[in-house]
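The values are calculated or read from the model by the stated rules, or taken from the named source; none is laboratory data. Note that the structure is predicted; figures quoted are calculated from it, not measured. Cβ atoms come from the backbone with ideal geometry, glycine included; neighbour counts cover every protein chain shown.
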Amino acid sequence: MDANSIISSLTGKFPEDIYDASVESDIRIVAKVKPENVVEVCRYLKEDLSFGHLCCELGADYPDRNEIETVYIIGSYDHPVVITMKALLPRDNPEIESIVAVYWNANWYERETYEMYGVKYLNHPDLKPLLLPEELHGEWPWRKDYKGFPNKTARNLV
Amino acid sequence: MDEIEQTNVEQNDVLNVGYTDVPGTMLTESNAICDFIKKTKIQDVLNWGRKNSLWFTVNAMGCCGVELLATGMAHYDTDRFGIIPRNSPRHADVLIISGYVTRKYLPALKRIWDQMPAPKWCICFGDCAISGGPFYESYSTRQNIEDYFPVDVYVPGCPPRCEALIQAFVELQKKIEAKKDKGTEY
């Protein structure tokens, strides 16, 4: 299947949930997904369209739009296409369903996005900080308005 | 900071072992003998021995750690200066901070430092250890490492060469010989 037929299959199955779908190049699809049904969309992608490889899952902060994006990059071994799906979440209370039940390797991606952006993944099996120490938990250091950077001048520099 | 508290508790447990049970031993709580020796020529002999057996921990923290490992290999033959890489901090005299110190790693590094028996010295190896390097102003980097460790020698470079590390050891040996090092209180 090429990119256009995948888009038509997705939008035909989920006309409400998939919007702004476009073909970026021959091998890249960009689409936006409603956060409520992201698990069903991922399950359809994996089981019916054989997109079995979750390459990456990440967050992105947009303070001017007051939104945090959760980005899913999903590849396939059968089709030469990579899908980039984005779910837009409100910035003050970002919550989305976890997709660990579909893609097991989303576990650590979601833990990292949680500790860096504060995106709360519902029904995640073990949602705790992955890399950061305890003292940084709750500060969400990758958000654009994070203010906790060290301002002590290193004395060795001067 | 829980790690550090735990280390302190462990150290107190070690100190509370009854050495008086061993026959032929005396226990003193004052530093009088040690302080007296520091004023005499015996300290020079002690320092001569200490400066010629600077064993360092193989604690490769970043990319400078590769140079650290290479220094310990056969090519540079650091044994001619009495410098030997040791895998356990309990056998080592010199802690080489060879990378950026993150907030998460600092308690572990302090624990390594506490595990090393005195007299012990500290070398900052590379730009990251000195100032944070490219990770200066990161949310997870600790700056001003000399607040946490008594650093004797700084080695700038990104990364410094193995010869620079050997040079640092030679400088440290000179400091120890001149009784200017921070590892011992004179």
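Values for this structure:
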| quantity | calculated |
| --- | --- |
| Tabulated pairs, the stretch A:46-59, first basic (Lys, Arg) and surrounded by 13 or more Cβ atoms within 10 Å (Cβ to Cβ), second modelled with pLDDT of 90 or more and assigned to a strand (DSSP E or B), C-beta under 9 angstrom, 6+ apart or interchain | A:Lys46/A:Leu54; A:Lys46/A:Ile74 |
| Number of the condition not met by B:Tyr105 [criteria: (1) within 14 Å of chain A (Cβ to nearest Cβ); (2) touching a helix residue (DSSP H, G or I) at 6+ places or on another chain (Cβ under 9 Å)] | (2) |
| Number of positions in the stretch B:38-52 that are surrounded by 12 or more Cβ atoms within 10 Å (Cβ to Cβ) and within 20 Å of the chain's Cα centre (by Cα) | 7 |
| Scope the stretch B:139-162; condition touching a residue at least 24 places away in the same chain (Cβ under 8 Å) and either assigned to a helix (DSSP H, G or I) or closer than 24 Å to A:His137 by Cα (or both); matching residues | B:Ser140, B:Thr141, B:Arg142, B:Ile145, B:Tyr148, B:Cys162 |
| Helices (runs of 4 or more DSSP H) lying entirely in the stretch B:17-102 (those with 3 or more residues that are at pLDDT 90 or above) | B:42-51, B:64-71 |
| Flag if B:Gly132 is at positive phi, within 14 Å of chain A (Cβ to nearest Cβ) and buried (at least 17 other Cβ atoms within 10 Å of the Cβ) | yes |
| Residue within the stretch A:132-148 that is in contact with a Leu (Cβ under 9 Å, 6 or more places away or on another chain), farther than 30 Å from B:Glu146 by Cβ and either buried (at least 17 other Cβ atoms within 10 Å of the Cβ) or away from every other protein chain (no Cβ under 14 Å) (or both) present | no |
| Of all residues in the stretch A:75-131 being of a type in the set (Phe, Trp, Tyr) and more than 14 Å from chain B (Cβ to nearest Cβ), the one that is farthest from A:Lys46 (Cα to Cα) | A:Tyr114 |
| Meets criteria (closer than 26 Å to B:Gln6 by Cα, part of a loop (DSSP other than H, G, I, E, B) and in contact with a Lys or Arg (Cβ under 8 Å, 6 or more places away or on another chain)) for B:Gly183 | yes |
| From A:Glu112, A:Glu134, residue being among the charged types (D, E, K, R) and either under 30 Å from A:Asp2 (Cβ atoms) or at pLDDT below 90 (or both) | A:Glu134 |
| Filter result for B:Val155 (under 22 Å from B:Thr78 (Cα atoms), within 13 Å of another protein chain (Cβ to nearest Cβ), modelled with pLDDT of 85 or more and surrounded by 22 or more Cβ atoms within 10 Å (Cβ to Cβ)) | yes |
